[in-house]
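See below for the structure under consideration.
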Amino acid sequence: MSVTESLLVVHVLSVVLWIGGVAFVTTIVLPMLASWPAAQRFAVFREIERRFGTEARVLVVAAGASGGALLFRLRLTGLLFRPQGAWLDGMIGLWTLFALLLFVAEPLFLHRKMTEMAQRDPSRAHALLVRGHRLLLALAVIVIIAGVWGATG
């Protein structure tokens, strides 16, 4: 297996596991928690997120590192910020959004703000989590479709 093929395997596998986790939380965990008592929802969500959060951070780093290496190895930088490279811009944009959420927003303020909201109004906090995760999943699905389409011609 060549270096490029190995990078592609790491990239695809890390994206599948990362976005698959987002899909699981969005379509299974959050809807399931809607039937729980409002006061318990956020605590259970935080425990699940804590366990998946470490995995998500590792996967986002792996996707970014392998994607960046592929970008240069396959000489795709010329496609950036051009219509025919919109799929690459989308991938980089989605990766940047998740990296900022996981490594900047969540540890600096998002965790604290959501915890405060969950204490004041647990139903509102849950609804916000659902909307946010649905938006992130929808963006990811769009980028995946565009990426497959763009990468295959």
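Each reported figure results from applying straightforward, stated rules to the coordinates on display, with no laboratory input. Owing to the predicted nature of the structure, the values given are computational and were not obtained by experimental measurement. FYI the Cβ positions are ideal-geometry reconstructions off the backbone, even for glycines, and counts take in every protein chain you see.
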### Helix-only [θ]222 nm of the chain, DSSP H runs n ≥ 4, -39500 (n - 2.57) each, per residue, nearest 500
-26500 deg cm²/dmol
### Task
Starting from 0 in steps of 10 Å, tell me what percent of the Cα-Cα pairs of region 56-125 lands in each bin.
18, 34, 25, 15, 8, 0
### Message
Can you pull out the chymotrypsin sites (Phe, Trp or Tyr not before Pro) in region 62-96 whose DSSP state is coil and whose Cβ has at most 15 other Cβ atoms within 10 Å?
### Response
81
### Task
With the cut-off at 28 Å, report for the chain the share of all Cα pairs above it, as a whole percent.
27 percent
